[in-house]
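What follows is a set of notes on a single structure, which appears directly below.
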Amino acid sequence: MFPASSPDDLDANLEHLGRSFINKCSFANDTSIDYAQFRGTPNEDRFAISEDWKLHGHIWQFLAVFDGHGGSTTAEYLAKHFPSNLRRSMERSFSSSPESGIPPPSSASQSSAVPLTAKNVSEFLKREVRWFDEELGHAVKTICPHPENISDDKEAHALYEAHKEVIARARCGSTMAGILVDKTENKMWVCCVGDSSVVLSTKASTGRKRTTVLVNDHHTGRTPQEYHRVSMAHPSLERDNIWLDGEDRIFGTLSMTRAFGDFMFKFPTSFTTALFSKFPSSAMRSVETVLRYNRTPPYVISDPSVKYVDLTTFSKDVDPVVVIYTDGLETLANGLSMSLKKSVPDATSGTLNVLPTAVDIIGALLGQHPDLSMSSISLSVENLPENNAAFNLMYELLRRTISGKLRSHLMAVDNAVSPSISDEDLYIDDITVIVFRPISNQPLNAVYV
């Protein structure tokens, strides 16, 4: 790979890997928003940072990350179209009147518009997410209303070849962690589906230590409420098939209980037999289990978790920061957590091992000085973004948890090897991070050392 016969050769190799690392990243920042992404193999993460838009004298913006699975098609479609659809729907659905009411679906006319209250915007977001996802499925039913009537593989393949994108958008899946911000009045709505995250971090007004909380719910089989909801939505005889061998994945394959797309888990099996099984995917095992166990769909829904946050309750002194990220970052934070366990006194056992949560880790690293002395690769300040809190956070977690694995991954990629999820020693998940400072226009305090 990179044989090093002298210290100079070794330094050159490390610098080469540093450039390879930067080539696998993208990043940008301005006065209030930073983003950074490490593109794993395959790269299925996407993100959206909308332009500001005006509505009834207020300035609005939408920021989100999308974590695709089974392919990137659904996440790509969401990143390109969901923000603009949201904006058009808001313009149709809301008025500046102080009267109360529930917003209509996206197709509503201006005459039935309702005011911009916290409750109305929350209900509007729930409707928009469900409507957008339903349209992905409706497009498939439009081109193939009766999949059970497809007589042979030749007919099925012809239909697939003619409508690849439509079928792929419904066959693949994606999470979403997003925030809709009224920047005029400092109000925020957190809207999430799946296991991507939004956290809110603040610091004590007299110190630098940060308190960080997860704002959204996670929709996976590991979440007790979701495990129970899915179980109770189907006949008791199905329970052992839904959670195979006691696993927390639906049919033993899909960890998400709510997602965009994933219509193999939402439609009858006739659609999988006729269409979805024809789509090449990184998750082909799910086709087998869906065909075997899908009896009373849907098993996956798209109802989002929506929470309202009044940002005016936070002063500049506490420096509120919102971090939006896909689960690749959480995996790294969990890995670092395991190495930081502390023993504390316990009345029963004498001592109790306490682990900081992934959210605790992420909050603690926000604004910290990035250390460029990663032994596995060599980075120079000239190649790095200045005062980008998203990149610093991502880089620090990579450096502290999997620096050796990152080196092996970069060496493999340089040698035209594409690590798959089965290559445990080489595979690194996509990581996408957006850091949003809703009040302060100053970057988080971080300098390179």
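Could you list, ordered by first residue, the pairs with Cβ atoms under 6 Å in which the first is in region 356-369 and of a type in the set (Phe, Trp, Tyr) and the second is open to solvent by less than 10 Å² (accessible area, probe 1.4 Å) and not in a helix (DSSP H, G or I), at least 6 apart or interchain?
Hits for this filter: zero, empty list.
State yes or no: is residue 405 part of a helix (DSSP H, G or I), modelled with pLDDT of 85 or more and open to solvent by 40 Å² or more (accessible area, probe 1.4 Å)?
Yes.
Working only within region 281-293, note down all residues that are in contact (Cβ under 8 Å) with a residue 60 or more places away in the chain and either over 20 Å from residue 171 (Cβ atoms) or assigned to a loop (DSSP other than H, G, I, E, B) (or both).
281, 282, 283
Within region 326-355, take every residue that is in contact with a Leu (Cβ under 6 Å, 6 or more places away or on another chain) and farther than 19 Å from residue 430 by Cβ and give me the one that is modelled with the highest pLDDT.
Per the stated criteria, the residue is 337.
Name the residues in region 399-427 that are more than 13 Å from residue 20 (Cβ to Cβ) and of a type in the set (A, V, I, L, M, F, W, C), would you?
402, 421, 426 - these are the residues of region 399-427 that are more than 13 Å from residue 20 (Cβ to Cβ) and of a type in the set (A, V, I, L, M, F, W, C).
Does residue 279 satisfy being modelled with pLDDT of 75 or more, under 23 Å from residue 203 (Cβ atoms), of a type in the set (Phe, Trp, Tyr) and surrounded by 12 or more Cβ atoms within 10 Å (Cβ to Cβ)?
Answer is no for this residue.
Does any residue of region 44-57 turn out to be at pLDDT below 95, open to solvent by less than 60 Å² (accessible area, probe 1.4 Å) and out of contact with any helix residue (DSSP H, G or I) (no Cβ under 9 Å at 6 or more places or on another chain)?
No - not one qualifying residue is present in region 44-57.
Consider residue 238 carefully, then state whether it is touching a His at 6+ places or on another chain (Cβ under 6 Å) and not in a strand (DSSP E or B).
no
If residue 245 satisfies all but one of (1) touching a Gly at 6+ places or on another chain (Cβ under 9 Å); (2) surrounded by 17 or more Cβ atoms within 10 Å (Cβ to Cβ), what's the number of the condition it fails?
All conditions pass for residue 245, except number (2).
Considering only region 294-341, state which residues are assigned to a helix (DSSP H, G or I) and either surrounded by fewer than 19 Cβ atoms within 10 Å (Cβ to Cβ) or touching a Lys or Arg at 6+ places or on another chain (Cβ under 6 Å) (or both).
Scanning region 294-341 gives 311, 312, 313, 316, 317, 318, 331, 334, 335, 336, 337, 338.
The values are calculated or read from the model by the stated rules, or taken from the named source; none is laboratory data. What you see is a predicted model; the values in this text were computed from it and never measured. Every residue, glycine among them, receives a Cβ derived from its backbone with ideal geometry; neighbour counts consider all protein chains shown. Just so you know, the surface numbers come from the protein's heavy atoms only, side chains and all, with ligands and any DNA or RNA stripped out. Shrake-Rupley method; radii C 1.70, N 1.55, O 1.52, S 1.80 Å.
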